[in-house]
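Worksheet for the structure shown next.
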Amino acid sequence: MKVVLQNLTKIFPSRNKKSGEEVVAVNDFTFEIPDGKLIGLLGPSGCGKSTTLYMISGLQKPTGGKIFFGDDDVTELSPENRGIGLVFQNYALYPHMTVKQNILFPLQNLKGADKLPKDVMLERAYEAARLVQIDELMDRKPSELSGGQQQRVAIARALVKMPRVLLLDEPLSNLDARLRLQTREEIRRIQKETGITTIFVTHDQEEAMSISDMIVVMKLGVLQQIGKPQDVYDDPANLFVAKFLGTPPINVFSGEVKGGKLYLGEQAVLDVAGVDDRKVTVGIRPEGFVPDANGPMICDLSNVEIMGRDVSVVSKHAASLNPQIRSIVDADCRISVGDATVRFTLKPHKVFLFDTETEERIRF
Ligand code: ATP
């Protein structure tokens, strides 16, 4: 089921009558989520991810704009009538019910023509449980399950009604690091097996990048960029997106373009033919630095951290806007910790230029 958001906007009225400042939580969102894909809604706290998800679910009413599931305009429909499955961060299972009763609950609440015979309900509940691999635990209470198992029950409960769209709000936040990794793979598997269009909210860029077909990056209620995770990483539209994606994060410098060359301080570090002379903000991905004894970029070496396959080189440069530069280089590159400086050649496709005022990308 394709989901289309058309000029979707949510404005919360001010709580403070004096200041009168309203909050534009979601500002004129328009985008299309293709059928059967897993989409990660991504951005820092307060950027409007949850509000977007709740509007898609029907739990919150938009101030403006429309939501379509396929060709159906669902903007005015209640959550029960949209055909969604919703999973929250805190699982929200009924503690006094067994796993089986929790999963059956949404089916038992179906009314009128939607009502199902008991054996069909049971069959569906076991099918959903098998999909998330908890069919052995059907007679336990939630308190007798691990966090990861509880989250699987919550997913089974969302799947049992065979939703048109599955909505997941930070579903992994309450899990420890190992379980997070495992559960996100599970979510991906379940999504692929069912083919249900799934929208997944997270502030964790690594999580979103690793399992999403597409990511939607948001900032202060405004859509920044939408695309395949690798495409967005390789081709960020602005400085915010470049900084938000990537571990370690992108290194940011203040630079200047003169005569088709990019200068960081006095050093001409890269040819950027076609860019007019101007001041720029420069982003260089950690993997964009190649150690080179004759390289044009000269940094003060602080530390070399061995990470096995790669080496993390920590250095400083007067034009850097971060306290230190972190570059990831191949472990075969021998860099002596005792050296005062380290020289680099830059990989052009790992260097991005941005307008210093608007922070929009300048392409070269
Ligand atoms: P988080 O990752 O912290 O959950 P988020 O990206 O999901 O953040 P939202 O919860 O969608 O962000 O909130 C977006 C903005 O709307 C925030 O500034 C928030 O304070 C504001 N907001 C959310 N709900 C309400 C509300 N009921 N009344 C007033 N303002 C709200």
(request) Give segment 189-218 a look and list any residue that's out of contact with any strand residue (DSSP E or B) (no Cβ under 7 Å at 6 or more places or on another chain), closer than 22 Å to residue 69 by Cβ and part of a helix (DSSP H, G or I), or say none. (result) 190, 192, 193, 194
(request) Filter segment 37-49 for residues that are at pLDDT 95 or above and open to solvent by 20 Å² or more (accessible area, probe 1.4 Å) and give the result. (result) 37
(request) Please specify each residue of segment 97-123 satisfying the condition of being free of Cβ contacts under 8 Å to residues at least 12 places away in the same chain and outside any loop (DSSP other than H, G, I, E, B). (result) 101, 112, 113, 114, 118, 119, 120, 123
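Please specify each residue of segment 1-56 satisfying the condition of being part of a strand (DSSP E or B) and among the β-branched types (Val, Ile, Thr).
Scanning segment 1-56 gives 3, 4, 9, 11, 23, 24, 26, 30, 33, 39.
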(request) Give 126, 94 a once-over and let me know the one that is aromatic (Phe, Trp, Tyr), in a loop (DSSP other than H, G, I, E, B) and open to solvent by 60 Å² or more (accessible area, probe 1.4 Å). (result) 94
(message) Among the numbered criteria (1) of a type in the set (D, E, K, R); (2) closer than 23 Å to residue 148 by Cβ; (3) within 16 Å of the ligand (Cβ to nearest atom), which one does residue 61 miss?
(response) (2)
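Yes/no per residue for (1) open to solvent by 40 Å² or more (accessible area, probe 1.4 Å); (2) farther than 30 Å from residue 27 by Cα; (3) of a type in the set (A, V, I, L, M); (4) within 16 Å of the ligand (Cβ to nearest atom):
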{"position": "183", "(1), (2), (3), (4)": "no, yes, no, no"}
{"position": "205", "(1), (2), (3), (4)": "no, no, no, yes"}
{"position": "222", "(1), (2), (3), (4)": "yes, no, yes, yes"}
{"position": "230", "(1), (2), (3), (4)": "yes, no, no, no"}
{"position": "234", "(1), (2), (3), (4)": "yes, no, no, no"}
{"position": "246", "(1), (2), (3), (4)": "no, no, no, no"}
{"position": "249", "(1), (2), (3), (4)": "yes, no, no, no"}
{"position": "291", "(1), (2), (3), (4)": "no, yes, no, no"}
(request) With the condition kept exactly as written, say whether any residue in segment 322-345 is under 30 Å from residue 237 (Cβ atoms), touching a helix residue (DSSP H, G or I) at 6+ places or on another chain (Cβ under 6 Å) and open to solvent by 40 Å² or more (accessible area, probe 1.4 Å). (result) yes
(message) Can you tell me which residue is farthest from the ligand (Cβ to nearest atom) among those in segment 19-34 that are within 20 Å of residue 208 (Cβ to Cβ) and open to solvent by 40 Å² or more (accessible area, probe 1.4 Å)?
(response) 34
(message) Exactly one of these conditions fails for residue 2: (1) open to solvent by 50 Å² or more (accessible area, probe 1.4 Å); (2) away from the ligand (no atom under 11 Å from the Cβ); (3) basic (Lys, Arg); (4) more than 23 Å from the chain's Cα centre (by Cα). Give me its number.
(response) (4)
(request) Search segment 241-269 for residues that are under 19 Å from residue 364 (Cα atoms) and pair each with any residue that is of a type in the set (Asp, Glu) and not in a strand (DSSP E or B) when their beta-carbon atoms are under 8 Å apart and the residues are at least 6 apart or on different chains. (result) 256/277; 257/276; 257/277; 258/277; 259/277
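The values are calculated or read from the model by the stated rules, or taken from the named source; none is laboratory data. For clarity, every value in this text was computed on a predicted model and none was experimentally measured. Every residue, glycine among them, receives a Cβ derived from its backbone with ideal geometry; neighbour counts consider all protein chains shown. Remember, those area values only see protein heavy atoms, side chains included, never the ligands or the DNA or RNA. Shrake-Rupley method; radii C 1.70, N 1.55, O 1.52, S 1.80 Å.
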